[in-house]
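Only one structure is covered here, and it is reproduced in the block below.
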Amino acid sequence: MHPVTIFFSVFLITIICIRLFLLKWKIASQNLFPWLKVRGFYVHHYMYGLSMMLVAFLFRGTMFGLVMYAVGLGFIIDEVPAHFIGRQTWDNYYKWRFNDWVIAFVFLVYVLRFYIVYPMV
């Protein structure tokens, strides 16, 4: 498969898994994973995404690097809409307006996928 196809497939699967996890998490429990709080600061999943993208650059040109890059970008893109619509409560993650923004950013990544992937191959 072409690296761009692999990248976008992994990216899309990451977004879908995060959305399903958050949906299941919302239904199963209101517990907000208190162990993700470090000295009063909540660790958000875009931070994991940034870390994964940094690791991906160390493995540039490999399949592992490409997959880490796609997963990392998926974690970041899933969090970006929260900064546009304002995350006052965790309920914003489950509103359609938030999901609309996620879909819009996924479409943007799809349109720009060749420009996004080629620095990694």
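Summary of computed values
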read-out: Residue that is surrounded by the fewest Cβ atoms within 10 Å (Cβ to Cβ) [pool: residues in the stretch 92-121 that are of a type in the set (Ser, Thr, Tyr) and closer than 14 Å to ASP78 by Cα]; value: TYR94
read-out: Residue check for LEU22: under 18 Å from the mean Cα position of the chain (by Cα), part of a helix (DSSP H, G or I) and modelled with pLDDT of 90 or more; value: no
read-out: Considering residues of the stretch 63-96 that are β-branched (Val, Ile, Thr) and modelled with pLDDT of 95 or more only, the residue nearest to the chain's Cα centre (by Cα); value: VAL71
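The values are calculated or read from the model by the stated rules, or taken from the named source; none is laboratory data. Since the structure is predicted, the reported quantities are computational estimates derived from the model, not experimental observations. Don't worry about glycine lacking a Cβ; one is built from the backbone with ideal geometry, like all the others, and counts go over all protein chains shown.
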